[in-house]
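All remarks here apply to the structure that follows.
Each reported figure results from applying straightforward, stated rules to the coordinates on display, with no laboratory input. Keep in mind that what you see is a predicted model, and the values were worked out from it rather than measured. Every residue, glycine among them, receives a Cβ derived from its backbone with ideal geometry; neighbour counts consider all protein chains shown.
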């Protein structure tokens, strides 16, 4: 299993190839994090499948929804949200790709 990428000292970002990316919210329960990651990867596969077609925008919206639920996108960032806001974000329904 690959090791986790290094994080900034505050834990807010992971560093990949010298570039900072917002880290997944560490407060998400492991089971929900795994479910959201599975959905995210399925949407990413769907983006590849639909690239250049009318379905690509919907696939990209699915990626956005999953990454937002994980805390990797959206405003305000997870570390500026209250515990209730964070919980509501990751508990929100995230659509799964067709098929």
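Scanning segment 34-59 for residues that are surrounded by fewer than 17 Cβ atoms within 10 Å (Cβ to Cβ) and closer than 18 Å to residue 89 by Cβ yields 34, 37, 38.
Among the residues making up segment 22-34, those that are without any contact (Cβ under 8 Å) to a residue 60 or more places away in the chain and within 11 Å of the chain's Cα centre (by Cα) are 22, 23, 24, 33, 34. Could you check segment 5-33 and list, in sequence order, the residues that are exposed (fewer than 11 other Cβ atoms within 10 Å of the Cβ) and part of a helix (DSSP H, G or I)? 30, 31 - these are the residues of segment 5-33 that are exposed (fewer than 11 other Cβ atoms within 10 Å of the Cβ) and part of a helix (DSSP H, G or I). Condition first: touching a residue at least 40 places away in the same chain (Cβ under 8 Å) and farther than 21 Å from residue 10 by Cα. Can you find one or more residues in segment 45-63 that meet it? There is at least one residue in segment 45-63 that is touching a residue at least 40 places away in the same chain (Cβ under 8 Å) and farther than 21 Å from residue 10 by Cα.
Taking the conditions (1) free of Cβ contacts under 8 Å to residues at least 60 places away in the same chain; (2) surrounded by 11 or more Cβ atoms within 10 Å (Cβ to Cβ); (3) in contact with a strand residue (DSSP E or B) (Cβ under 8 Å, 6 or more places away or on another chain) in turn, residue 77 satisfies each one other than (1). Restricting attention to segment 56-96 and to residues that are in contact with a helix residue (DSSP H, G or I) (Cβ under 8 Å, 6 or more places away or on another chain) and assigned to a loop (DSSP other than H, G, I, E, B), the residue that is nearest to residue 27 (Cα to Cα) turns out to be 71.
Considering the conditions (1) surrounded by 11 or more Cβ atoms within 10 Å (Cβ to Cβ); (2) over 14 Å from the mean Cα position of the chain (by Cα), residue 68 is excluded by exactly one of them, (2).
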